[in-house]
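Visitor: The structure's right below; bear with me while I get my questions together.
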Amino acid sequence: MKQGAARFGYLAYPEPVTVADRNLNRGVDPAEFAKAASQRFAMLDTNHDGKIDKAELPKLSRGFGGRGLRGDDKGARADIPEAPQ
C-alpha cells in the first residue's frame, strides 16, 4: 500500500520533497528542486512532446476503502477541468 503523499499523486514518492534532496543535507536548494521537477515531468511526459496530456497520466488509486476521491465510485477529480483540445 502506498504511504504518505504517494497515495494522492502520480509518482510513488511518500515524501516528494525529501526525495528531491539529492545531497542529503536535509534541505532542497534551487538546483535540486529544478532537477527533481525536470525528471518528474519527463517521467509523466511519456510521448516526450513537452506537455502532459490527461491520457499520459497514470490512473490514480481509488482512495481509502475503495471509495472514489470525492466519495463516489468514479474516482474522477471534479476540481480538475478537462484540458482544451
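Visitor: Measure off, as a whole percent, the carbon and sulfur share of the 1.4 Å-probe accessible area of the stretch 12-63, all protein chains present.
Guide: Details: 2380 of 4010 Å².
In the stretch 12-63, the share of accessible area belonging to carbon and sulfur is 59 percent.
Visitor: State, to one decimal in nm, how far the label point of Asn25 lies from the label point of Lys59, with both points 7 Å from Cα in the Cβ direction.
Guide: In this crude label model, Asn25 to Lys59 measures out at 4.3 nm.
The values are calculated or read from the model by the stated rules, or taken from the named source; none is laboratory data. Please read all numbers here as calculations on a predicted model, not as lab measurements. As a convention, Cβ positions derive from the backbone with ideal geometry for all residues, glycine included, and neighbour counts pool all protein chains shown. Please note that ligands, DNA and RNA were not included when accessible areas were found on the heavy atoms of the full protein model with its side chains. Shrake-Rupley method; radii C 1.70, N 1.55, O 1.52, S 1.80 Å.
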